[in-house]
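Quick notes on the structure that follows.
The values are calculated or read from the model by the stated rules, or taken from the named source; none is laboratory data. Small disclaimer: the values here were computed from a predicted structure and weren't measured. Heads up, the Cβs are rebuilt from the backbone with ideal geometry, glycines too, and the neighbour counts pull from every protein chain shown.
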């Protein structure tokens, strides 16, 4: 008997404490989209909807360079990817070159260019059109790396893949950047 009483009291408390935020029906109320602007920052999907008609320049970015407008006009970084002379014989046929730009000293890729079956030296251009997340600006000091992947899978790192990086950091618009594939995984 005490177990039944305890179960009854537990159920009564559970049902009494249940608050599902169910409000009463209001006649004539129209359904509407929730306002998610306070939860999610403005990204590519809303920025595209908020853009003006084609051919009319965008207004200055109210986010102070943190939104899409700040980097949409940023010039690309241009340069060449080459293979170190001592590794020239280790270039796999049918490989895929991944050229990666990162903000600051590391972190996730900001922009990526994928080149199937490259021939070296390879001239490259990486810019705002290559961003992984369109709402993140292509701005500031960027580090550039390249990896020649044998299986073409960006997530895998296999022995024999070649990689290298450009010396220093580069701002959008930089030209003459050299990335040398000088390391074997």
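Figures for the structure shown
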| item | result |
| --- | --- |
| Residues being exposed (fewer than 14 other Cβ atoms within 10 Å of the Cβ) and closer than 17 Å to residue 78 by Cβ - total across the range 174-185 | 3 |
| Single match in 65, 106 (criterion: at pLDDT below 80, part of a loop (DSSP other than H, G, I, E, B) and either closer than 24 Å to residue 156 by Cα or touching a helix residue (DSSP H, G or I) at 6+ places or on another chain (Cβ under 7 Å) (or both)) | 106 |
| Test for residue 148: is it over 20 Å from residue 76 (Cβ atoms), assigned to a strand (DSSP E or B) and touching a helix residue (DSSP H, G or I) at 6+ places or on another chain (Cβ under 8 Å) | no |
| Any chance residue 93 is assigned to a loop (DSSP other than H, G, I, E, B), surrounded by fewer than 19 Cβ atoms within 10 Å (Cβ to Cβ) and either at positive phi or at pLDDT 90 or above (or both) | no |
| Flag if residue 124 is surrounded by 14 or more Cβ atoms within 10 Å (Cβ to Cβ) and out of contact with any helix residue (DSSP H, G or I) (no Cβ under 6 Å at 6 or more places or on another chain) | yes |
| The range 142-173, residues that are buried (at least 18 other Cβ atoms within 10 Å of the Cβ) and within 22 Å of the chain's Cα centre (by Cα) | 142, 143, 144, 146, 147, 148, 149, 163, 164, 166, 170, 172 |
| Test for residue 74: is it surrounded by 10 or more Cβ atoms within 10 Å (Cβ to Cβ) and either at positive phi or at pLDDT 60 or above (or both) | yes |
